[in-house]
Amino acid sequence: DAGVTQSPTHLIKTRGQQVTLRCSPISGHKSVSWYQQVLGQGPQFIFQYYEKEERGRGNFPDRFSARQFPNYSSELNVNALLLGDSALYLCASSLEPRQLQSPLHFGNGTRLTVT
Amino acid sequence: DAKTTQPNSMESNEEEPVHLPCNHSTISGTDYIHWYRQLPSQGPEYVIHGLTSNVNNRMASLAIAEDRKSSTLILHRATLRDAAVYYCTGGNMLTFGGGTRLMVKP
């Protein structure tokens with residue numbers, strides 16, 4: 001079975017631009033979460049979606065938005081990019097919105113560089 | 001969410017056991033404790049999880065303290081491929097701390 005897939009793998013943008021990152025969860029997984037990982041730090045939670053509804057939001061500005069589609073894939077959008085948005089963006093899928101018994105399955109991320 | 005505390009780094013010799021500790025004193029009674037590891041240039045990989053009892057799988061063992069305020073990930077025989085950053089998480093698992101960088105010496 002295919003794991004979590006993210007596209008693109010790498011991206012270079014200029015300050016002020018907008019970016020859209022995409023994620024396809026494991027088949028059968030209805031929950032998708034997004035994380036930002038700055039070099040040398042652990043992943044920081046951005047959003048969680050379950051059944052197309054936002055179930056949680058981390059401490060990120062409104063420039064960050066996301067959505068989940070009927071096929072459970074998801075997009076993360078970031079507007080008005082800042083240099084500090086440069087990071088690895090990770091998508092994770094799971095069976096449930098709360099990680100009670102089902103673990104998170106991560107993709108390998110999208111490396112975003114803002115110049 | 002539960003706040004987790006782990007040592008920044010640990011070192012082990014190849015083929016020796018490794019015990020990676022984690023404190024999660026604010027975890028609620030119904031939240032599972034999960035462990036992940038991350039290799040360079042990859043996303044985190046699930047290792048193991050548990051609620052109250054000790055757990056074993058093909059990758060590792062998880063020992064959970066009776067009061068659930070701490071847990072220990074046990075790698076029974078470290079290999080060079082186990083060198084990674086190990087994260088423990090609790091609660092909604094939406095919060096990852098800094099993790100422990102495990103270095104394995106041949």
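The values are calculated or read from the model by the stated rules, or taken from the named source; none is laboratory data. In this text, all values refer to a predicted model and were calculated from it rather than measured experimentally. So basically every Cβ, Gly included, is an ideal-geometry build from the backbone, and we count neighbours across all protein chains shown. The protein model used for the area step is the full one, side chains on, heavy atoms only, and it has no ligands, DNA or RNA in it. Shrake-Rupley method; radii C 1.70, N 1.55, O 1.52, S 1.80 Å.
Matching residues to (1) in contact (Cβ under 8 Å) with a residue 60 or more places away in the chain; (2) within 14 Å of chain B (Cβ to nearest Cβ); (3) in a strand (DSSP E or B):
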| residue | (1), (2), (3) |
| --- | --- |
| A:27 | no, no, no |
| A:45 | no, yes, yes |
| A:49 | no, yes, yes |
| A:67 | no, no, yes |
| A:89 | yes, yes, yes |
Considering only the stretch B:84-96, state which residues are within 10 Å of chain A (Cβ to nearest Cβ) and either surrounded by fewer than 17 Cβ atoms within 10 Å (Cβ to Cβ) or at pLDDT 95 or above (or both). B:85, B:87
Residue list for the stretch A:17-30, restricted to those being within 20 Å of residue A:88 (Cα to Cα) and in contact with a Phe, Trp or Tyr (Cβ under 6 Å, 6 or more places away or on another chain): A:21, A:25
Out of the residues in the stretch B:22-37 meeting the condition of being part of a strand (DSSP E or B) and not charged (D, E, K, R), tell me which one is nearest to residue B:51 (Cα to Cα). B:33
I'd like to know if the stretch A:46-54 contains one or more residues that are over 30 Å from residue B:57 (Cβ atoms), acidic (Asp, Glu) and open to solvent by 50 Å² or more (accessible area, probe 1.4 Å). yes
So, residue A:59, is that one within 14 Å of chain B (Cβ to nearest Cβ), within 15 Å of residue A:35 (Cα to Cα), open to solvent by 60 Å² or more (accessible area, probe 1.4 Å) and at pLDDT 95 or above or not? no
Residue A:101 passes all but one of (1) of a type in the set (S, T, N, Q); (2) at pLDDT below 95; (3) crowded, with 18+ Cβ neighbours inside 10 Å; which number fails? (3)
Of all residues in the stretch B:39-83, which are under 24 Å from residue B:15 (Cβ atoms), open to solvent by less than 20 Å² (accessible area, probe 1.4 Å) and part of a strand (DSSP E or B)? B:47, B:48, B:61, B:62, B:71, B:73, B:75
Of the residues B:77, B:68, B:58, B:37, which single one is under 24 Å from residue A:93 (Cβ atoms) and more than 14 Å from chain A (Cβ to nearest Cβ)? B:58
When you go through (1) assigned to a strand (DSSP E or B); (2) over 11 Å from the mean Cα position of the chain (by Cα) one by one for residue B:19, which number turns out not to apply? (2)
